[in-house]
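The values are calculated or read from the model by the stated rules, or taken from the named source; none is laboratory data. Remember, it's a predicted structure, so these values are computed and weren't measured experimentally. Note that we place each Cβ from the backbone using ideal geometry, even for glycine, and neighbour counts take in every protein chain shown. Ligands, DNA and RNA are stripped out before the accessible areas are found, and what is left, the full protein with its side chains, is counted by its heavy atoms. Shrake-Rupley method; radii C 1.70, N 1.55, O 1.52, S 1.80 Å.
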Amino acid sequence: MSLWSRIANVLRGDRLSREIHEELQSHVEEAIEHGRDPAEARGAFGSALRYTEESRDVRLVAWLDSLHADAVFGWRQLRKKKATSAAAILSLALAIGACTSAFRLIDALLLRPLPVAEPQRLYVVAFENLGMDGRVGTYDSCSFPMFQRMRAAVRQQAELIAISYAERIDLTYRSDQEMERAYRQYVSGWMFRSLGLRPALGRLLGDNDDLTPGAHPVAVLSHDYWSRRFGQDPKVIGRTFRMGDGIYEIVGVAEDRFTGTETGTVTDVFVPMMMKNPRTLASSSNFWLRTLVQLKPGVAAEPGHERLRATFRAIQEERAKSFTDLPTRQLEKFFKEKLLLEPAAAGRSNLQREYRRPLTALAILVALVLLIACANVANLMTAQAAARAREMALRISIGAGRWRLVQLVLVESAWLAFLATAIGAWFAWWSAPIIVGMINPPDNPARLVLPADWRVLAFGLALASGVTFLFGLAPALHASAVKPASALKGGEDPHSRRRMMHTLIALQIAFCFVVHFVAGLFVATFDKLSNQPTGFSAERILNLEAVTQRPQPPAFWDQVAEHLRAVPGVETVALTVWPLMSGESAVGDISINGAPPSEVFSDFLYVSPGWIDTMRIPFIDGRDFRPSDTNPAAAIVNEAFAKQYFSGENPIGRSFEKVAGGARARFLIVGFVRDARSRDDMRLPIRPMAYVPFNAIDAKGAPQTQGRGTFVVRTSTSNPLALASILRREVPRARSEFRVSNIRTQTEIHQSHTVRERLLAMLAWFFAGVALLLAGVGLYGVLDYSVVERRREIGIRMAIGAQAGDIARRVTADVFSMVLAGVVAGFGLGMASVRYIETLLYQVKATDLGILALPSFAILGAALLAALPAVIRAVRIDPVTTLRSE
């Protein structure tokens with residue numbers, strides 16, 4: 001009989017037994033037909049049961065048949081105890097779903113390889129340096145001349161690919177008033193060829209598209225953008241669009257699987273690197289692109305790494321020659337920078353850098369929640385195994401081996417685990433996209449590919465198997481070790497069971513304490529960051545970021561601002577280059593009285609008269625800008641500027657020089673204002689800031705034109721977005737050269753810088769609630785089991801005069817001692833975890849009384865609530881009834 005037939009017979013249990021019985025009966029009848037006595041014929045065959053079992057073993061796979069029988073029995077056991085089984089499955093499902101959801105996020109952002117040829121050969125060039133806060137940090141940007149030098153140096157070992165950061169830009173397919181936003185990347189012409197990509201339509205960029213600056217204004221669309229914007233229209237090839245000052249022709253569409261190399265962002269438009277501004281391409285100090293390194297087949301990374309290091313060192317030495325005014329300490333830091341070669345099989349993005357540690361921390365939290373759920377179910381299985389001790393003893397008495405009993409309990413555990421995994425998979429499918437939507441601000445959402453493929457399926461199966469062994473193995477071994485004689489007499493020692501259950505309770509409490517402790521740190525961090533003073537008023541501020549076809553003189557910008565002031569609902573209007581805390585900044589070296597530049601840079605922001613008042617930044621002394629003030633000439637500085645460069649003295653009437661590339665621009669300080677936050681990193685202190693007039697002039701005194709700027713509008717209505725559409729129309733109505741590219745409220749910008757902290761706090765708080773619920777359910781289960789098991793003992797004690805308080809103390813003493821032990825262990829684990837997550841915290845100490853009190857009181861409250869029903873049940877035991885029933 002073939003193996004497949006034997007496997008199929010496992011599912012034909014009753015029918016197979018009937019067939020074997022009919023076959024044996026036919027042999028007996030045949031013997032009787034030949035004249036043998038019926039009793040003699042049946043006796044000659046021996047035991048019918050033995051022949052039936054031997055025949056079944058031949059016709060099916062014995063171990064698979066026993067597994068099938070145990071699965072059927074396990075299912076019946078679950079259905080027999082519906083409420084208990086449902087509670088166990090749902091608690092596990094919540095924990096497994098959270099784990100699977102976390103895995104989907106981590107896999108999509110950090111682990112999943114790019115859909116390119118041999119992604120394991122991809123690396124990215126990164127640089128390690130000391131930041132302004134003294135911490136070691138890394139960045140991965142470089143200039144185009146640096147890229148060219150590095151590519152030439154390692155041409156024999158690897159191919160280097162230049163890729164700019166994905167940037168949201170304005171483009172239009174018709175008139176300039178029908179602007180759209182899309183993500184654009186400048187890429188090396190050979191990128192698609194090197195990565196083994198093919199076109200879905202038309203052609204891709206090639207080497208010849210990337211030879212001469214500005215010579216090939218062509219573009220390739222991503223398949224995702226082609227589908228969303230054009231409905232996969234094949235006639236898109238040959239269409240043109242305006243981007244900046246150029247007209248670009250669409251020549252192709254990339255294949256479906258490729259959405260760019262910047263994980264978390266789906267690039268819409270790819271254009272040749274040589275279409276970048278020629279001045280930017282030629283600049284050695286403008287760091288704006290990433291360098292991917294694709295090793296050639298069979299080439300190790302280290303030789304190429306060494307050549308890149310040597311090239312970088314030579315470039316640094318050449319750059320240092322132009323730093324004539326750079327202080328010695330900054331020059332030393334400059335030469336201490338190191339070139340790194342980091343794996344980039346999963347792509348490279350700022351989103352990965354920002355969320356690598358937070359996602360890992362959340363993964364640990366959900367793993368702890370899963371362990372709490374497993375401990376819960378393990379206690380449940382232990383209690384059930386105790387109740388089935390006589391059943392197990394009978395099975396051993398009639399010949400069942402220990403492994404068969406272990407298998408019986410593990411199969412029942414597997415039912416719980418796989419049912420919980422199925423429900424958890426639905427939870428993960430639903431929750432993961434919601435969390436992705438919360439990662440970035442609404443105007444710049446993260447885009448991650450979250451397929452339910454073999455990777456997620458394999459993780460789910462591995463998780464289900466691991467969970468089965470986590471909560472099922474110990475009860476299974478305990479059940480299989482039962483002594484038949486002792487169990488049948490009812491003399492099995494209950495203390496060993498209670499010890500194991502109490503140990504699991506201590507572990508639950510320890511893990512619960514850690515989850516609450518970390519959640520408290522994250523919530524406190526979010527609270528401090530979100531309530532941190534910014535130094536300006538963000539309420540009712542609307543930022544209209546505008547661009548022009550060609551740079552316009554300051555007078556035209558003022559005309560548009562004046563027109564907006566006449567719009568009903570507008571209180572004030574001012575101009576700046578970009579909104580506060582928008583992520584953009586300009587810095588410069590500061591020289592006082594002709595001295596060498598300070599080692600600390602100052603930020604610079606170009607603003608119009610009235611901007612300080614519009615943002616509600618208080619003046620300490622001096623005045624605002626006048627329409628006649630120009631840049632360079634006048635400046636307004638903040639407190640940090642005065643403290644850094646003038647020892648905290650009033651700087652009004654004093655002057656400073658901005659040093660850049662050997663040139664010096666002199667400014668007279670006419671205003672002194674309070675500190676206001678301009679940078680987007682709210683963890684860093686407010687930096688020195690010099691506000692200079694938006695009206696800039698060149699060395700000959702002629703006005704400098706501006707191609708972009710921001711109209712800062714303070715509205716008289718509480719909801720500034722109510723005027724957004726009106727103001728968008730009014731800008732080009734004032735001057736046709738202007739158009740609004742983006743509109744954001746200042747409050748929205750402010751809140752966008754705590755998105756990560758808000759997400760961490762919210763998810764950690766959710767997991768803390770789940771952990772507390774599971775720990776409370778576990779405590780209740782153990783206490784209830786303890787009351788049931790000690791019912792006779794409690795009855796006797798009450799019969800001889802024990803008071804309710806004494807009974808309550810005896811019932812809860814052991815469990816509460818484990819709770820205390822768990823809290824102590826959890827405190828130690830929590831303090832150890834702080835070192836890993838300290839970079840995610842802000843102005844929060846692990847030893848703060850409030851942080852420590854939160855998990856302690858939460859666990860104590862849950863323990864008291866869980867103990868209350870068990871204590872009530874214990875003190876209501878009727879001694880007479882209990883002793884009679886026993």
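This table checks each residue for (1) in contact with a helix residue (DSSP H, G or I) (Cβ under 8 Å, 6 or more places away or on another chain); (2) small (G, A, S).
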position	(1), (2)
S602	yes, yes
I612	no, no
S628	no, yes
A640	no, yes
Q644	no, no
E649	yes, no
R666	no, no
V670	no, no
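Count, please, the residues in the range 727-743 that happen to be in a helix (DSSP H, G or I) and open to solvent by 60 Å² or more (accessible area, probe 1.4 Å).
Residues flagged as in a helix (DSSP H, G or I) and open to solvent by 60 Å² or more (accessible area, probe 1.4 Å) within the range 727-743 amount to 3.
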query: Got a sec? Which of A660, A676 is closer than 22 Å to A561 by Cβ and touching a residue at least 60 places away in the same chain (Cβ under 8 Å)?
result: A676
task: Give the range 70-108 a look and list any residue that's closer than 30 Å to T261 by Cβ and touching a Ser or Thr at 6+ places or on another chain (Cβ under 6 Å), or say none.
output: S101
message: Can you find, within the range 70-107, the residue that is modelled with the lowest pLDDT among those that are farther than 21 Å from Q407 by Cβ and among the hydroxyl-bearing types (S, T, Y)?
response: T84
Hits in the range 647-702 - residues which are outside any strand (DSSP E or B), open to solvent by less than 30 Å² (accessible area, probe 1.4 Å) and at pLDDT 90 or above: P651, A676, R677, S678, P688, F694
- request: Return only the number of the condition from (1) open to solvent by 70 Å² or more (accessible area, probe 1.4 Å); (2) modelled with pLDDT under 90; (3) not in a helix (DSSP H, G or I) that R329 does not satisfy.
  value: (3)
Which listed residue is of a type in the set (V, I, T), surrounded by fewer than 17 Cβ atoms within 10 Å (Cβ to Cβ) and within 13 Å of R714 (Cβ to Cβ), from V587, V573, V567: V567
- prompt: Just for the range 590-605: of the residues that are more than 20 Å from G671 (Cα to Cα) and of a type outside the set (S, T, N, Q), which one is least open to solvent (accessible area, probe 1.4 Å)?
  reply: P597
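Return yes or no: is L341 in contact with a Phe, Trp or Tyr (Cβ under 8 Å, 6 or more places away or on another chain), part of a helix (DSSP H, G or I) and open to solvent by less than 40 Å² (accessible area, probe 1.4 Å)? Give the derivation first.
Details: in contact with a Phe, Trp or Tyr (Cβ under 8 Å, 6 or more places away or on another chain): yes; part of a helix (DSSP H, G or I): no; open to solvent by less than 40 Å² (accessible area, probe 1.4 Å): yes.
Judged against the criteria, L341 is not a match.
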task: Give R174, R239, R198, R228 a once-over and let me know the one that is in contact (Cβ under 8 Å) with a residue 40 or more places away in the chain, of a type in the set (D, E, K, R), open to solvent by 40 Å² or more (accessible area, probe 1.4 Å) and over 29 Å from L295 (Cα atoms).
output: R239
task: For the range 510-552, enumerate the residues that are closer than 22 Å to R744 by Cα, part of a helix (DSSP H, G or I) and either hydroxyl-bearing (S, T, Y) or more than 20 Å from the chain's Cα centre (by Cα) (or both).
output: S530
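Against the condition surrounded by fewer than 22 Cβ atoms within 10 Å (Cβ to Cβ) and among the aliphatic types (A, V, I, L, M), how does M191 come out, does it pass?
The answer is no for M191.
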task: Quick one: which residue in T261, T212 is surrounded by 17 or more Cβ atoms within 10 Å (Cβ to Cβ), at pLDDT 90 or above and in a loop (DSSP other than H, G, I, E, B)?
output: T261
message: With touching a Ser or Thr at 6+ places or on another chain (Cβ under 7 Å) and either modelled with pLDDT under 80 or assigned to a helix (DSSP H, G or I) (or both) as the only criterion, which of V880, V871 stands out?
response: V871
- prompt: Mind checking which residues of the range 709-725 are surrounded by fewer than 19 Cβ atoms within 10 Å (Cβ to Cβ) and under 11 Å from L544 (Cβ atoms)?
  reply: A724
task: Residue by residue through the range 842-868, note down the ones that are surrounded by fewer than 19 Cβ atoms within 10 Å (Cβ to Cβ) and at pLDDT 75 or above.
output: S856, F857, L860, G861, L864, L865, L868
- prompt: Somewhere in the range 116-132, is a residue free of Cβ contacts under 8 Å to residues at least 60 places away in the same chain, surrounded by fewer than 20 Cβ atoms within 10 Å (Cβ to Cβ), not β-branched (V, I, T) and not in a helix (DSSP H, G or I)?
  reply: yes
query: If a residue has to be surrounded by 17 or more Cβ atoms within 10 Å (Cβ to Cβ), closer than 18 Å to C512 by Cα and of a type in the set (A, V, I, L, M) to count, how many in the range 807-828 make the cut?
result: 6
message: Can you find a residue that is assigned to a strand (DSSP E or B) and touching a helix residue (DSSP H, G or I) at 6+ places or on another chain (Cβ under 8 Å) anywhere in the range 164-175?
response: yes
- request: Say whether the condition of being more than 23 Å from A665 (Cβ to Cβ), at pLDDT 95 or above and assigned to a loop (DSSP other than H, G, I, E, B) is met by at least one residue in the range 606-614.
  value: yes
- request: Could you please find all residues in the range 761-796 being basic (K, R) and open to solvent by 70 Å² or more (accessible area, probe 1.4 Å)?
  value: R791, R792
